[in-house]
Amino acid sequence: MRRVSGLDAAFLYGETDAWHMHVSALLVTEPPAPGGFDVDRLVDVLASRLHRVPQFRWKLVQVPLGLDRPMWIEDPDFDLDHHIHFVQAPAPGDHAALCQVVGDLAATQLPQDRPLWEMQLISGPTDDGTGAVLTRFHHGLGDGIRLVQLLLG
């Protein structure tokens, strides 16, 4: 167990229904070239690199009666499938449709019963392979460099 730092606790306590404290990053993909982007490959890369960012396996545990800051524990039930979701953008699958999907997703809080991050793999309504990856993680996990560590390894 690790006690949440004072700064990270401020990010956790500052979250409300109207003000979410997660950081989002959007990666728009082009149709893949041979050996290019593919969802299965992305999931495999994430699985192989999660050990480099242990915070992505931590979940919050509240201290009884709220007498101290919460604790981070390694999630004994961690399942990568709970953090990667597939989303279909509505027709016509243009920039406006992508923006609507991203806006809707960013407007939802991250579930606090598991590690505080998610990836949504957004595909368009066409079959040309164009898509996007929306990554969201709670600012209470730390700064954006941890996401860079995970993705660039």
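Side notes on the structure shown:
- Filter pass, Pro92 being part of a loop (DSSP other than H, G, I, E, B) and out of contact with any strand residue (DSSP E or B) (no Cβ under 9 Å at 6 or more places or on another chain): yes
- Region 57-68, residues that are in contact with a Phe, Trp or Tyr (Cβ under 9 Å, 6 or more places away or on another chain) and open to solvent by 40 Å² or more (accessible area, probe 1.4 Å): Arg57, Lys59, Val61
- Test: residue in region 125-137 that is over 25 Å from Pro31 (Cα atoms), touching a helix residue (DSSP H, G or I) at 6+ places or on another chain (Cβ under 8 Å) and surrounded by fewer than 15 Cβ atoms within 10 Å (Cβ to Cβ): no
- When region 13-24 is filtered for residues that are out of contact with any strand residue (DSSP E or B) (no Cβ under 7 Å at 6 or more places or on another chain) and in contact (Cβ under 8 Å) with a residue 24 or more places away in the chain, the ones remaining, listed by number, are Glu15, Asp17, His20.
- Qualifying residue in region 127-139 (condition: small (Gly, Ala, Ser), modelled with pLDDT under 90 and within 21 Å of Ala10 (Cβ to Cβ)): no
- Odd one out for Arg146 among (1) exposed (fewer than 12 other Cβ atoms within 10 Å of the Cβ); (2) at pLDDT below 90: (1)
For every residue, the table says whether it meets (1) open to solvent by 80 Å² or more (accessible area, probe 1.4 Å); (2) touching an Asp or Glu at 6+ places or on another chain (Cβ under 8 Å); (3) modelled with pLDDT of 95 or more.
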| site | (1), (2), (3) |
| --- | --- |
| Glu74 | yes, no, yes |
| Leu80 | no, no, no |
| Gln100 | yes, no, no |
| Asp113 | yes, no, no |
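- Annotation note: of Ala89, Ala9, Ala96, Ala33, the sole residue that is surrounded by 13 or more Cβ atoms within 10 Å (Cβ to Cβ), closer than 21 Å to Gly124 by Cβ and modelled with pLDDT under 90 is Ala89.
- When Arg49 is tested against (1) surrounded by 13 or more Cβ atoms within 10 Å (Cβ to Cβ); (2) under 18 Å from Leu110 (Cβ atoms); (3) not small (Gly, Ala, Ser), exactly one condition is not met: (2).
The values are calculated or read from the model by the stated rules, or taken from the named source; none is laboratory data. These numbers were taken from a predicted model, which means no experiment stands behind them. Here the Cβ is made from the backbone with ideal geometry for all residues, glycine too, and neighbour counts use every protein chain on show. For accessibility, only protein heavy atoms count, side chains too; no ligands or nucleic acids. Shrake-Rupley method; radii C 1.70, N 1.55, O 1.52, S 1.80 Å.
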